[in-house]
Amino acid sequence: MGARGESGLVMLPKELLETLQEQIAKAEQPRELAVDIMLALQRHFGHLSDEALEEGARLLGMTPLELEELATFYDFIYRKPVGKFVIHVCDGVVCWMNGYDRVVDYLCEKLEIQVGETTEDGLFTLLPTACIGYCDLSPAMLVNGRPYGPLTPEKIDDILNKLRTESPPVRMAR
């Protein structure tokens, strides 16, 4: 994670702290940057831990509960560790009609996990998400923000194989 200061909060690297403070200082209302600050903390730590959430709240002049309420609203803010590749399978109406269930079932089988879980090697986390705006590619998914579709078992195999070859597995602490 990171070193803790006397306050018990996570100590952010000086450069990140200064960048966040500059962004907040320029904002008319610091709270309008809440999502941006949470995403910046998540990029740094890999997920938005309780400690990072508390630090973000402190920087924004919010309570941790106020920031938590926002964090839990967004599918792309992760409150627990995720794999190197986060797979968001679209469960919007069009994708649902065009095979969402088949895609999710196939991914669960291939990755040997259930929705909401991370593979043992720490490479993949599988999550459902509301419409991703790629109805023309349905059924579709995002992998670390990159869209893929229309999905078939063969295409999913190709995607997973390419991702596996570009990144050796890292064992996760359990």
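Every number here is computed from the coordinates shown, using simple stated rules; none is lab data. Bear in mind the structure is a predicted one, so any value in this text is a computation, not a measurement. Cβ placement follows ideal geometry from the backbone for every residue including glycine, while neighbour counts extend to all protein chains displayed.
Using alpha carbons only, how many degrees (0 to 90, rounded to 10) separate the axis of helix 50-60 from the longest principal axis of the chain?
Computed tilt is about 50 degrees.
Do you know the relative contact order of region 16-73, to the nearest whole percent, from alpha carbon pairs under 8 angstrom that are 6+ apart?
Working: 40 pairs, mean separation 18.4, N = 58.
Value for region 16-73: 32 percent.
Just list whichever of 14/155; 14/84; 14/110 have alpha carbons separated by over 32 Å in the model shown. Provide the component values of the computation, followed by the final result.
Numbers: 14/155 43 Å; 14/84 25 Å; 14/110 42 Å.
Flagged as over cut-off: 14/155; 14/110.
In terms of the Cα gyration tensor, with a ≥ b ≥ c the square roots of its eigenvalues, is region 19-84 rounded because a/c is under 1.5, prolate because a/b exceeds b/c, or oblate?
Taking the square roots of the gyration eigenvalues as a ≥ b ≥ c, region 19-84 is prolate.
Work the Kirkwood hydrodynamic radius out for region 66-174: mean of 1/r over every pair of different alpha-carbon atoms, inverted, in Å.
Values: mean 1/r = 0.0703 Å⁻¹.
When all Cα pairs of region 66-174 are included, the Kirkwood radius is 14.2 Å.
Report, in deg cm²/dmol and to the nearest 500, the calculated mean residue ellipticity at 222 nm for the chain, where each DSSP H run with n ≥ 4 adds -39500 (n - 2.57) and the sum is divided by the residue count.
Result for the chain: -13000 deg cm²/dmol, rounded to the nearest 500.
So what's region 1-143 giving for Rg/Rh, alpha carbon basis, Kirkwood Rh from the mean inverse pair distance? Let's see the in-between values first.
Details: Rg = 17.5 Å, Rh = 16.7 Å.
Result: Rg/Rh = 1.05.
Using 0.36 nm per residue of separation minus the Cα-Cα distance, give me the extension gain between residue 152 and residue 25 in nm, one decimal. Please report the intermediate quantities before stating the final value.
Working: separation 127, 0.36 × 127 = 45.72 nm, distance 4.76 nm.
That works out to 41.0 nm of additional length.
Please compute the contact order of the chain in relative form: average sequence separation of alpha-carbon pairs under 8 Å and at least six residues apart, divided by the residue count, as a percent. Numbers along the way, then the final one.
Numbers: 234 pairs, mean separation 28.7, N = 174.
For the chain, the relative contact order is 17 percent.
With angles folded into 0 to 90 degrees, how steeply does helix 34-45 sit against the dominant principal axis of the chain? Use alpha carbons for both and round to 10.
It works out to around 80 degrees.
For the chain, which cysteines have no second Cys with its Cβ under 4.7 Å from theirs?
Within the chain, the cysteines lacking a partner Cβ under 4.7 Å are 108, 131, 135.
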